[in-house]
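A short write-up of the structure that comes next.
Bear in mind that the values in this text are calculations on the coordinates, not laboratory data. Every value quoted in this text rests on a predicted model; they were computed, and no experiment measured them. Glycine also receives a Cβ, built like all others from the backbone with ideal geometry; neighbour counts cover every protein chain displayed.
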Amino acid sequence: MAVPSPLLRRSGVDFLARHLRAVPRVDLLIGLAIIALGTLEAFTVAADHGAAETPELWWIGQALVTGVLVWFRRRAPVAVFILMILAQYAWHRQGYESCQTWQLFSLLIVFHTVAAELPFKPGLAWAVTGILVFDSGAVDHRWLPFDEVIFLTVVFGAAYLTGLAVHAYAVRARRLAAHAVQLERDRERQAAEAVAQERTRIARELHDVVAHSVSMMVMQAGVLRRMGSPHEEMLLGIERMGREAVDELRVMLGALRMPLDEAIPQPGLDLLAGTVSSLVSSGLRIGLDIVGDPVRLPPGLDLSAYRIAQEALTNAVKHGGESEITITITYHGDRVELEVLDGGGGAPSQLSTGNGLVGMRERAALFGGDFEAGPRPEGGFRVHASLPISHQEVFADERIK
């Protein structure tokens, strides 16, 4: 006989281990209880059940087999049901008229199992078949008295009904769980539809009001420039910034109409040079300095840095008068710093753009950064933000002081 290879033996052990883990622990405890009770009866009351003497050691083997069958009854309820009836048939073939306590207990468990684990019709068919087999005396090899037939019918029928009740409860629980999952899906779908409708409404309002107004401003600036206005360069800058605003608004409107899970390109610090060039072409004195080696920032951080610089530049243009504006972007190993300086009379503490200082401070705090803004001793206004590059995002309300 060939000896199995270590690989095959290991595979067999792993297969058995997986199946043992799949069996509920309560079934293992019940199986062990049946083995213990059968062993106890083999050493104590074997003679009372027709054995020649006490102890009857071969009963321990039968108790062991029965305990294992009960242990795996949920895995193969029909096979265990048939094997239990055959085991009882073999028991009575040894000449024993009565069954032991652990045997009756095991039979009640398997009648319960066929009702609890099988669909209604197959479970009912197997239970009725088992009751008829026992009531007919086929297992005992004798005609049973009427009172014993009634007893077996009642106890096995009661075990079947308890299993049927458990089965009905499990079916109802599964239906309720499935209904709850469906309700949650419907709720999420309705919420997504409501968000999509609101985003579409906002996009429509922006298109009908803001985009139209900015387009009209660009057209009017173009008309004035073509009429030979002495402020041709300034009007040209207004046209360019207006067109950029319309383009960015168009991107924003497209984003609002897109599904929430679809990503779109977002502006970053690389667009700041174009913004500065547009303002310089309109006659403003603005300088942009980049210190250090630029690195690719995470999209969210890059967007927030750009918006901070854009907001600070807008307010410097508005409140700095004719003074020179300096923008400095400094890249360090672990952070990026933004500084906007103007030489005007200074800006008020609450800017009129809506976001203003509060919006810039919130954007910096979202990434665990520091933000400072205030008048300069030599005159003018200074905005400074330091944003950690590798810092994890935190909730703004936890970081804003």
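Overview of results
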item: Highest-first arrangement of 24-37, 155-168, 361-374, where packing means the average Cβ count within 10 Å; result: 361-374, 155-168, 24-37
item: Cβ-defined net charge surrounding Phe81, 14 Å radius [Lys, Arg +1; Asp, Glu -1]; result: +2
item: Loop trypsin sites (Lys or Arg not before Pro), region 133-217 (other Cβ atoms within 10 Å of the site Cβ: 16 or fewer; DSSP); result: Arg142
item: Amide H partners (placed H, <5 Å) of Ile325, local residues excluded; result: Arg285, Ile286, Gly287
item: Cα→Cβ-extended label distance, 7 Å offset, between Ala47 and Arg185, nm; result: 6.8
item: Phi-based couplings in Hz for region 68-73 (Karplus 6.51, -1.76, 1.60; Gly and Pro marked x); result: 5, 4, 5, 4, 9, 5
item: Formal net charge of residues neighbouring Val291 (Cβ-Cβ distance under 12 Å; K, R +1; D, E -1); result: -4
item: Sequence-distant residues sharing a close amide H with Gly368 (under 5 Å, placed H); result: Val394
item: Average projection area in nm² (convex hull over Cα atoms of region 38-197, one quarter of hull surface); result: 11.9
item: Extension gain from Val78 to Leu144, taking 0.36 nm per residue of separation minus the Cα-Cα distance; result: 21.2 nm
item: Calculated FRET value between Val317 and Ala177, using beta carbons and R₀ = 45 Å, to 0.05; result: 0.15
